[in-house]
Each structure stands twice: as structure tokens, then as C-alpha cells.
Amino acid sequence: MDTGPEPAEGDDAAPPSVVIGVSIAVPDPFGKEIQDARDGYGDPLARSIPTHVTLLPPTEVPVADLPAVQDHLRRAAAVHRPFRMLLLGSGTFRPVSPVVFVRIEEGMQECREVEASVRSGPLARELGFPFHPHVTVAHNLADPVLDRAYEEMKGFRAAFEVPGFSLYRFGTDEVWRPLHGYAFSG
């Protein structure tokens, strides 16, 4: 898989850095169901962000550091085992942040452990908020829309196995795309 930078249109020089993120993908049909709901609430980011649980938020890294980052992620995945995740009901970060999410009922501790492994070494960084694993369904929308999302997602339920996580890259078109998957093998 190509991990090199995409030159800007009409620009032959590669950028010196890239924005990456690391997350656990929510598989279909559940991922599509949440993405469709997010789109239905009018979230402009709905189709540019695959449905996921964030392990490393958007982080700028030098392109030259990508091989070391990928080695780090390989090692991080190797010490964890696949686990079951149960998404159940809705939650919100309001009033601190205008976000409605699907709650993680089972797999929360495993997410915390994997996140600690990922956000170490070359990816060590401070977070703006304490890490709280979740799946966003509405973000930065009007309060009545956030209220509706919260109510409508109360009955959401999805259970699936989590086999690993993926490294994503933020493209020049502002879409997040997977660069590489890392299977748990611990």
C-alpha cells in the first residue's frame, strides 16, 4: 500500500508532513448504519470519515517518520488480542463538546489498553480531552439535531469482533482513507 504523500495538484514537490489517525473500524452493516444516520442528521463530515473508534486523533507527522510509525503500530498490535465490542445506546459530551455518540458497552477496557499502546513512542502526544472510547454519530450540529440524534440512537445495538486497528491518512480532498491494517496477534 502506498504510504507516500500525495502531491498537490500542479505541485511536483511532496509535502514534508502528513496528517494521520489510528482507529478501530466499525464493520458493516453497523458502520454503514451509523454513517447513514450521521449523514441523515446533516453532519457534513459523515461521508469523509469512516465509522470508527478513535485511538489516535488527527496527528501531523513528518513523511520521513511514516516507516517508524508503521513499525511502532505493528509492535503495538502484536501485544493485544482480538476482543468483542458491544455498541449500545447513545451518549453525549455536551455541554463540554457538541457531540452525540454511540456508547461502547463492552470492549471499553480493551480500547483503553490499545490506545495506550498506540499513543506511545513516536506517537506520544497530549490530548485535548481525556480519552473516552466512543463512535461519533453527530458533531458540531444545532442543539435540536443533537437532541434528535441522542434520542434516535438510544436503541442502537451492535456486537462484533475487533481483530485489529488501522492507520488512516487525511487526504488533500479532506477524506480519511486507510493506509494499513494491523491485526492483533498477542
Checklist line | Qualifying position, being closer than 13 Å to Phe165 by Cα and either free of Cβ contacts under 8 Å to residues at least 12 places away in the same chain or of a type in the set (Gly, Ala, Ser) (or both), among Ala68, Ala77 | finding: Ala77
Notebook entry, point to check: Any residue in segment 123-137 that is modelled with pLDDT of 95 or more and of a type in the set (Gly, Ala, Ser)?
Noted result: no
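Here is a yes/no grid of residues against (1) under 16 Å from the mean Cα position of the chain (by Cα); (2) over 16 Å from Gly31 (Cα atoms); (3) among the acidic types (Asp, Glu):
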residue: Glu113; (1), (2), (3): yes, yes, yes
residue: Leu123; (1), (2), (3): yes, yes, no
residue: Phe129; (1), (2), (3): yes, yes, no
residue: Ala138; (1), (2), (3): yes, no, no
residue: Leu141; (1), (2), (3): no, yes, no
residue: Asp147; (1), (2), (3): no, yes, yes
residue: Phe156; (1), (2), (3): no, no, no
residue: Ala159; (1), (2), (3): no, no, no
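Those residues that are of a type in the set (Asp, Glu) and in contact (Cβ under 8 Å) with a residue 12 or more places away in the chain, I need them from segment 34-44; list them, please. So that I can check it myself, show each step before the final result.
Residues of segment 34-44 of a type in the set (Asp, Glu): 36, 39, 43.
Asp43 - this is the single residue of segment 34-44 that is of a type in the set (Asp, Glu) and in contact (Cβ under 8 Å) with a residue 12 or more places away in the chain.
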Next item on the list: Kindly list, by first and then second residue, each pair from a residue in segment 146-175 that is β-branched (Val, Ile, Thr) to a residue that is part of a strand (DSSP E or B), limited to pairs with Cβ atoms under 6 Å and residues at least 6 apart or on different chains.
Entry: Val162/Ile24; Val162/Phe83; Val162/Met85
Notebook entry, point to check: Scanning segment 138-159 for residues that are in a strand (DSSP E or B) and of a type outside the set (Gly, Ala, Ser), which turns out modelled with the highest pLDDT?
Noted result: Arg157
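Limited to segment 64-85, what total is found for residues that are closer than 30 Å to Phe156 by Cα and among the hydrophobic types (A, V, I, L, M, F, W, C)? Spell out the reasoning first.
Quick first cut of segment 64-85, residues closer than 30 Å to Phe156 by Cα only: 77, 80-85.
Subset that is among the hydrophobic types (A, V, I, L, M, F, W, C): 77, 83, 85.
Of the residues in segment 64-85, 3 are closer than 30 Å to Phe156 by Cα and among the hydrophobic types (A, V, I, L, M, F, W, C).
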Checklist line | Of all residues making up segment 171-186, the number that are among the small types (Gly, Ala, Ser), surrounded by 12 or more Cβ atoms within 10 Å (Cβ to Cβ) and either in a strand (DSSP E or B) or over 18 Å from the mean Cα position of the chain (by Cα) (or both) | finding: 3
Margin query: I'd like the residue in segment 118-150 that is out of contact with any strand residue (DSSP E or B) (no Cβ under 9 Å at 6 or more places or on another chain) and small (Gly, Ala, Ser) and, out of all such residues, is surrounded by the fewest Cβ atoms within 10 Å (Cβ to Cβ).
Written below: Ala124
Note to self: Testing Tyr168 on (1) buried (at least 16 other Cβ atoms within 10 Å of the Cβ); (2) assigned to a loop (DSSP other than H, G, I, E, B); (3) aromatic (Phe, Trp, Tyr), one condition comes back false. Which one is that?
What the structure shows: (2)
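Looking at segment 37-51, which of its residues are of a type outside the set (Ser, Thr, Tyr) and crowded, with 21+ Cβ neighbours inside 10 Å?
Across segment 37-51, the qualifying residues are Arg38, Asp43.
The values are calculated or read from the model by the stated rules, or taken from the named source; none is laboratory data. All values derive from a computational prediction rather than experimental measurement. Methodologically, a virtual Cβ is constructed for each residue, glycine included, from the backbone with ideal geometry; neighbour enumeration extends over all protein chains shown.
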